[in-house]
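Scroll down for the structure; my scribbles are underneath it.
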Amino acid sequence: MMPPMTTLLEQHLSESTNPQPQHLYGDMECPSGIAELRQGTNVDDRSLCPWYYIMNHDPDRYPYDLVEAECRCRHSCVGLPPESGTGCEKMWLLLMAVGDNYQTEARRHHRHRQIRTKVVCRNKSIKELKTEWRAYLDHKVLHSSYAMLPFLRDNIQPALHRSTDSRRSTSVNNSISQDCPILISNLDLGGSTIQRSLCPAFVVINQDFRRYPVDLTEVDCHCKERCVGLLPEGGAGCEKMYYNVPVLRKTHMCDANRKYIFKRGWQRLAVGCTCAIVKQS
């Protein structure tokens, strides 16, 4: 049985010799070259813009403590000259509560599912699911942002963040081309970070009718085998960066009220794409 996240975090902090209390995990220095990236295991260390993790503490906010990433390199990307016009920028993830508009949309999806599927149990109402989900969030000792830390992320059981067969992804904006740009000049240089990245991405809706919340937003990479402007034989390609969020998953079992039982679990969502050195076998 895997140890709980709190135990792993306490163990890591007790073994840490870094004098800076905000630093949680990872090297802070910018790598000197590509050769140093090849020694990395996680995408955090193999990216041309590698990062480490810090504690974001705010006593006037709840949760007080959140984990976020910090760039190891401030200016040019590792292995690329400054005159290439490239640099490292942060990609932001906005953490928000589920709103009334979403609940209305999710309710419509659930009704649609009830009509098309012959079931033995009854579906729980959106209000019941919302209450159960919030209880799950309140029960968690650590905020879900802690699951970004590699030594905690790797201990999340794979079965708990696996999507069901009903999952599907739909592009938010169908007018945006999903092709991989060939040259840096082909990027939307006036767009957002994910549009100007050497591994540009587009936003999709991750929809799963057997999960609560039903609809979650994530990204997909335009490029898979190479980074924009770099040759494939350079040993670098685009990889997704993930964030784990708590969800409820519908089981095939019923409770005493003949309603479906939902199990607590995780959903892994891609929040960005980064140009990284291919992992060594």
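The values are calculated or read from the model by the stated rules, or taken from the named source; none is laboratory data. Keep in mind that what you see is a predicted model, and the values were worked out from it rather than measured. We place every Cβ from the backbone using ideal geometry, glycine too, and count neighbours over all the protein chains shown.
Points to keep in mind about this one:
- Scanning region 259-273 for residues that are among the β-branched types (Val, Ile, Thr) and either over 18 Å from Arg153 (Cα atoms) or part of a loop (DSSP other than H, G, I, E, B) (or both) yields a count of 1.
- In region 245-262 there is at least one residue that is under 25 Å from the mean Cα position of the chain (by Cα) and closer than 23 Å to Pro50 by Cα.
For every residue, the table says whether it meets (1) small (Gly, Ala, Ser); (2) within 18 Å of the chain's Cα centre (by Cα); (3) surrounded by fewer than 17 Cβ atoms within 10 Å (Cβ to Cβ).
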position: His222; (1), (2), (3): no, yes, no
position: Glu225; (1), (2), (3): no, no, yes
position: Val228; (1), (2), (3): no, no, no
position: Leu231; (1), (2), (3): no, no, yes
position: Glu239; (1), (2), (3): no, yes, no
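- Among the residues of region 217-238, the ones that are in a loop (DSSP other than H, G, I, E, B) and either of a type in the set (Asp, Glu) or free of Cβ contacts under 8 Å to residues at least 12 places away in the same chain (or both) come to 2 in all.
- Conditions (1) under 22 Å from Ser185 (Cα atoms); (2) in a loop (DSSP other than H, G, I, E, B); (3) not acidic (Asp, Glu): number failed by Ala256: (1)
- Output for region 210-220, where each listed residue is surrounded by 20 or more Cβ atoms within 10 Å (Cβ to Cβ) and hydrophobic (A, V, I, L, M, F, W, C): Val214, Val219
- In region 67-121, residue farthest from Ile184 (Cα to Cα) [restricted to those that are under 17 Å from the mean Cα position of the chain (by Cα) and modelled with pLDDT under 80]: Ala97
- Among (1) at pLDDT 90 or above; (2) buried (at least 17 other Cβ atoms within 10 Å of the Cβ); (3) farther than 22 Å from Arg153 by Cα; (4) hydrophobic (A, V, I, L, M, F, W, C) - the single one Val247 does not satisfy: (3)
- Annotation note: Cβ proximity below 9 Å between a residue of region 121-140 that is closer than 12 Å to Lys250 by Cβ and in a helix (DSSP H, G or I) and a residue that is of a type in the set (A, V, I, L, M, F, W, C) and at pLDDT below 90 (sequence gap 6+ or interchain) occurs for Leu129/Ala106.
- Candidate set: region 17-51, residues that are closer than 19 Å to Asn155 by Cα and surrounded by fewer than 18 Cβ atoms within 10 Å (Cβ to Cβ); chosen: the one modelled with the lowest pLDDT: Thr41
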